[in-house]
Amino acid sequence: MNKIMLNDSSNFKKGDVVTLNEAGIEFLRNGGFPAIVGALYSSIYSNGAEVLAIKGEYARVKLFTTKFPVTIAKTNDFGVYIEHLKKNEDNTVNTRWQGQENVKRRRGTTVSELLSLFENGITVKAICEELFCVGSNAIASDKALELRRKSYDIAGISESGERSASGYIKRSDLKEGVCKDYLIHFTEADLISDSTPLTLVLKVLHNRQHIFILEGNEVNYIVTRADLQKPAVRILMFGLITLLEMNLTNLILKYYPSDSWQNILSPCRLKKAKDLMKLRQERKEDLSLIDCLELCDKRVLVLKSQKCLDVFVPELKNEIEQKLEAIEKLRDLLAHAQKLNLSFSWEEIIDLVSYTKEMISMCEDVVDTDRKV
């Protein structure tokens, strides 16, 4: 295949398919990309993206995974290539991977690989904020007002001339006297290393409102639940939900032979899928009807099949309908950049992330076992 560097605009044109070259794949695997860029290119690597438009130094591409457009700066050479993929006889581009039987699973399409990306390449540094500190002898009532203006509930206390905090105070505690009268000393449970993977930060914040970041021997940063709204965390969640949807597709392919699932969907939903398939085929995409189903359709099909339900352990199976509906709602909030904790508590969100990982792993066990047979 003819490969052209992304920042070489001479042959860069609408309709090309973006993927990663070998150097880019290795760079991604080793955690060399910045947090947000790495997650974006992980999606491009897993499923590809189509170039929609070129404008100056930027390319607008559509991710095949999410169907959402993003902008890539052509001057940022992260090892991304344009591949003029080999066309099929009907002039469609072969970009599908899921549902193919007896073939090796493509890299970047397992839950362990996605988590490895976030564990090895993206740490708490991607979302932490500098800890606001006050002097130990500052007037408590004055600092309470200042913290209220800044919308801070917590502040560090530092001795004169020191940058690092020796402890912290809560705004709600501050009354009379000076700030050191309200000093709370750090305990081991209050601190995590600045190298802590983002995936572990979620677990830590399940039962805590905040956690302090230890940088060497100093405490200079803090993470609160509000920081879970940031793009790095949202991309982690969206990536997991995308993997879950792919694995649900594989279950449907396995347990609904000969496209028998078409008899289960309502006529309205089936027509919508067929209309979408027709539109995508006009764009010369190589796909089947199941690729045009939405997550809500796959949820219905899984719930209608006892064999699909039997993939999950009883504890998950008993609440799968409720959980899948919640996951779908969370996916919509992520896709439309809405605040997550307006519809869920943070405990519910973190539990949903954990539940999603468990479901993916169970699906993968079934599909990968079949591939080894």
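Beyond 19 Å in Cα-Cα separation lie the following of the pairs LYS170/LYS230; LYS125/LYS339; LYS13/LYS284: LYS170/LYS230; LYS125/LYS339. Within the range 240-293, the trypsin sites (Lys or Arg not before Pro) that combine a DSSP coil assignment with at most 12 other C-beta atoms in a 10 angstrom radius are ARG283. Evaluating 6.51 cos²θ - 1.76 cosθ + 1.60 at θ = phi - 60° for every residue in the range 332-338, the Karplus couplings come out as 5, 5, 5, 5, 9, 6, 8 Hz, glycine and proline recorded as x. Taken about its Cα centre, the range 311-370 carries a charge dipole of roughly 340 debye when the Cβ of each Lys and Arg holds +1 and the Cβ of each Asp and Glu holds -1. The residues packed around ARG208, meaning those with a beta-carbon under 12 Å from its beta-carbon, carry a net charge of 0 if Lys and Arg are +1 and Asp and Glu are -1.
Here, each number is a calculation from the coordinates, and none is a lab measurement. The structure displayed is predicted, hence computed values, not measured ones. Neighbour counts are summed over all protein chains in view; Cβ atoms, including those assigned to glycine, are modelled from backbone coordinates with ideal geometry.
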